[in-house]
Amino acid sequence: MLSVIKLPQILQGRLDAAAGAFLHPSNGRRIDFTQPFGEAAFAAPDSVSWRICKNPVALFVGGMAAVILELAEPRVRSGVWEHSSFRKDPLGRLRRTGMAAMITVYGARSVAAPMIAGVVRMHGKVAGETPAGVAYSANDPSLLTWVQATASWGFAEAYSRYVAPLDNEEFDALYREALPTSRLYGALHTPGSNTELHALFDSMRGRLEPSPIVLEFLDIMRATPAFPRPLLGLQHVLVRAAVDLIPGWIRACLGLTSKHGLSPHEKPLVKLAGAMADRIVLSASPAAQACIRLGLPIAHLYM
């Protein structure tokens, strides 16, 4: 059972404000996770998904690891790099991607379903060829399966390694919980168990490839201030933690060496940050706001 860390009021206020500012920039659309009152999300409040996705360290590290794996697939890489605003507006892209993930997990179904449908329509406009001349479409079910699977894997693996270990049943539960929304996104063959997930990863041997874009992505993530100024040093460490999360054979394939990952003395720091983040209630976070929507205590996920 978790126990909530009580921070000084000033520090708690700054963290709440930072969380709100990241997900709700002044020029962006604001999503109210407290409404419609009483309406369920696609995942239940006692789900593994809700427990994991409340943790900002697991989300950042796991989300970054997922993007690295996506960029290792040449068709996905071309779609992401040529048709998104990541290079011009990396922070804006991070915010939009993060908000989509939060709506998918915590949003009321009447909010999440139309948002997902909008993403599918947007993906319908994305098509082209890789530099090698291979055609791709963003709504290709096989590519969507890889994207959805790597996202679920990244969040779960980051939480298990840097926050609290998950057993095989918990991994299986998280992958099952993601199936309904994955299918709405068009990922028709997303793994529903840890065994199926690892089978998918094994099937990608020979299909993933190195690219300078992977290293460029890491440079962008080190240079883009996604965290409040006092925590920018931690952001750089978490970028390396994401590289460490990648399976060894894929790191070797991408040319990611030990210098791109964590040093031995940094691993305890990441675990400490992950454990603390799991016990600090951010009242502005989608997780806390979704609990309010369902009539639960704001600290429900920490009890």
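The values are calculated or read from the model by the stated rules, or taken from the named source; none is laboratory data. No experiment lies behind these values; they were computed from the predicted model shown. Note: ideal-geometry Cβ built from the backbone for every residue, glycine included; neighbour counts use all protein chains shown.
Going by the conditions given, is Arg95 surrounded by 18 or more Cβ atoms within 10 Å (Cβ to Cβ), closer than 23 Å to His198 by Cα and either of a type in the set (Gly, Ala, Ser) or in contact (Cβ under 8 Å) with a residue 12 or more places away in the chain (or both)? Walk me through how you get there before you give the answer.
Values: surrounded by 18 or more Cβ atoms within 10 Å (Cβ to Cβ): yes; closer than 23 Å to His198 by Cα: no; either of a type in the set (Gly, Ala, Ser) or in contact (Cβ under 8 Å) with a residue 12 or more places away in the chain (or both): yes.
No: the conditions fail for Arg95.
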With (1) charged (D, E, K, R); (2) modelled with pLDDT of 95 or more; (3) within 17 Å of the chain's Cα centre (by Cα) as the list, and Asp278 as the residue in question, which single condition is left unmet?
(2)
What pairs can you find where one residue is in the range 195-224 and on the phi > 0 side of the Ramachandran plot, the other is outside any loop (DSSP other than H, G, I, E, B), and their Cβ atoms are less than 7 Å apart, with a gap of 6+ or different chains?
none
Of the residues Ala223, Ala252, Ala187, Ala242, which is more than 30 Å from Arg109 (Cβ to Cβ) and surrounded by 18 or more Cβ atoms within 10 Å (Cβ to Cβ)?
Ala242
Pick from the range 153-181, criterion touching a Gly at 6+ places or on another chain (Cβ under 9 Å) and free of Cβ contacts under 8 Å to residues at least 40 places away in the same chain, ranking: farthest from Pro268 (Cα to Cα):
Leu179
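Pull up the range 98-129, narrow it to residues that are of a type in the set (Ser, Thr, Tyr) and buried (at least 16 other Cβ atoms within 10 Å of the Cβ), then point me to the one that is nearest to Arg207 (Cα to Cα).
Step one: filter the range 98-129 for residues of a type in the set (Ser, Thr, Tyr), giving 104, 106, 110.
So of that shortlist, the ones also buried (at least 16 other Cβ atoms within 10 Å of the Cβ) come out as 104, 106.
On the way: Thr104: 29, Tyr106: 34 Å.
Checked the range 98-129; the qualifying residue nearest to Arg207 (Cα to Cα) is Thr104.
Take the conditions assigned to a helix (DSSP H, G or I), out of contact with any Cys (no Cβ under 6 Å at 6 or more places or on another chain), touching a residue at least 24 places away in the same chain (Cβ under 8 Å) and surrounded by fewer than 19 Cβ atoms within 10 Å (Cβ to Cβ) and apply them to Ser142. Does it pass? Reasoning before the result, please.
On the way: assigned to a helix (DSSP H, G or I): yes; out of contact with any Cys (no Cβ under 6 Å at 6 or more places or on another chain): yes; touching a residue at least 24 places away in the same chain (Cβ under 8 Å): yes; surrounded by fewer than 19 Cβ atoms within 10 Å (Cβ to Cβ): yes.
So Ser142 passes the test.
If you check Phe86, Phe42, which single one turns out to be out of contact with any His (no Cβ under 7 Å at 6 or more places or on another chain), surrounded by fewer than 24 Cβ atoms within 10 Å (Cβ to Cβ) and over 23 Å from Asp244 (Cα atoms)?
Details: Phe86 fails: over 23 Å from Asp244 (Cα atoms).
Going through Phe86, Phe42 in turn, just one is out of contact with any His (no Cβ under 7 Å at 6 or more places or on another chain), surrounded by fewer than 24 Cβ atoms within 10 Å (Cβ to Cβ) and over 23 Å from Asp244 (Cα atoms): Phe42.
Listed residues Ala19, Ala65, Ala58; which is under 16 Å from the mean Cα position of the chain (by Cα) and modelled with pLDDT under 75? Steps first, please.
Details: Ala65 fails: modelled with pLDDT under 75; Ala58 fails: modelled with pLDDT under 75.
Among Ala19, Ala65, Ala58, only Ala19 is under 16 Å from the mean Cα position of the chain (by Cα) and modelled with pLDDT under 75.
Can Ser203 be described as buried (at least 17 other Cβ atoms within 10 Å of the Cβ), farther than 16 Å from Val57 by Cα and modelled with pLDDT of 95 or more? Steps first, answer last, please.
Values: buried (at least 17 other Cβ atoms within 10 Å of the Cβ): no; farther than 16 Å from Val57 by Cα: yes; modelled with pLDDT of 95 or more: yes.
Here the answer is no, as Ser203 does not meet what is asked.
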Would you call Glu157 under 15 Å from the mean Cα position of the chain (by Cα) and either in a helix (DSSP H, G or I) or among the aromatic types (Phe, Trp, Tyr) (or both)?
yes
Of all residues in the range 163-184 being among the aliphatic types (A, V, I, L, M) and in contact with an Asp or Glu (Cβ under 9 Å, 6 or more places away or on another chain), which is surrounded by the fewest Cβ atoms within 10 Å (Cβ to Cβ)?
Ala164
Within the range 264-287, how many residues are without any contact (Cβ under 8 Å) to a residue 40 or more places away in the chain and part of a helix (DSSP H, G or I)?
5
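Taking the condition of being of a type outside the set (Val, Ile, Thr) and within 28 Å of Asp202 (Cβ to Cβ), how many residues in the range 27-50 meet it?
Of the residues in the range 27-50, the ones of a type outside the set (Val, Ile, Thr) are 27-30, 32-33, 35-47, 49-50.
When the remaining residues are screened for being within 28 Å of Asp202 (Cβ to Cβ), the result is 43, 47, 49.
Residues that pass the stated criteria total 3.
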Taking the range 45-57 and keeping only residues that are touching a residue at least 60 places away in the same chain (Cβ under 8 Å) and either part of a loop (DSSP other than H, G, I, E, B) or over 21 Å from Gly192 (Cβ atoms) (or both), one is left with Pro45, Ser47, Lys54, Asn55, Pro56, Val57
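Can you report the number of residues in the range 288-303 which are not in a loop (DSSP other than H, G, I, E, B) and not basic (Lys, Arg)?
The qualifying residues number 8.
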